[in-house]
Amino acid sequence: MITDIMFDFFGTLVLYKQGAFHTAPYLRTHDYLLRHGFNVSYEHFTTAFESASHELETKATLTGQEYHMNELGALFFRTAFSVDAPETLVVPFVAVFLEEWSRGVVYLDSLAPFLEKLAKTYRLSVLSNTNFPPLIHNHLVAMGVAHHFSVVFTSIEVGIRKPYPTIFQHALTELEVSAENIIYVGDSYVADYEGATMAGIRCILIAPQEQYPNVPHCVSSLFELEQYL
């Protein structure tokens, strides 16, 4: 008997229209550097940021250990300027960057009533990869749906990212629920479907069935979820 539904966040409860530095310029982030005495071109800023991000992403993919955005910010300053920037410089820099990054987050119409209906029957939770927990918590509050979720698990707080099954097993332990009594819903085949499956959890994948014929349960939209419950 299914008692719990756990959701991925980005790509599932919200959409994200990812924009590269050069198609959706991070002008305020660049201006932050200029105002703090770093006379750097926009191209050098973006190149160094992408280099630092790639370094940490590569390591995290191999080890499963999540990194914090402030760690990325500190590495950026070392990469771009060969300096160990203090937290008083790094933390506001990261905050400005994330404000601009969040322009790509798209809220789903009718999500609130959809979750309200599910919450009458199931305990809802979120389990998502993120380098900065407030991103998810703040968006849930802004959408008016935070109260529907009993727990929000994030990779940076747990320390391990999907698809490593450890993060799913941690959630099962915290929720005190067995794998056969919970469903995970996500949009990534590797991070969500393979990760949940390795932890013994049934996953409903938001993706075209023809794209993943080996996945038993695919939906083209989050709002088609109920047909499998």
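One table, with the values for the structure above:
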| read-out | value |
| --- | --- |
| Set A207, A196, A171: member being more than 20 Å from E57 (Cβ to Cβ), over 17 Å from the mean Cα position of the chain (by Cα) and among the small types (G, A, S) | A207 |
| Options S102, S51: the member that is among the small types (G, A, S), part of a helix (DSSP H, G or I), surrounded by fewer than 17 Cβ atoms within 10 Å (Cβ to Cβ) and within 20 Å of the chain's Cα centre (by Cα) | S102 |
| Test result for F114, modelled with pLDDT of 95 or more and closer than 23 Å to A60 by Cβ | no |
| Matching option when the condition is closer than 23 Å to E116 by Cα and aromatic (F, W, Y), among Y164, Y212, Y228, Y193 | Y228 |
| Residue among E180, E210, E194, E176 that is at negative phi and without any contact (Cβ under 8 Å) to a residue 12 or more places away in the chain | E210 |
| Options L135, L75, L127; residue that is within 30 Å of E224 (Cα to Cα), free of Cβ contacts under 8 Å to residues at least 60 places away in the same chain, crowded, with 18+ Cβ neighbours inside 10 Å and not polar (S, T, N, Q) | L135 |
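The values are calculated or read from the model by the stated rules, or taken from the named source; none is laboratory data. None of the values given here were measured: they were computed from a predicted structure. Here Cβ is always computed from backbone atoms with ideal geometry, including for glycine, and neighbour counts include all displayed protein chains.
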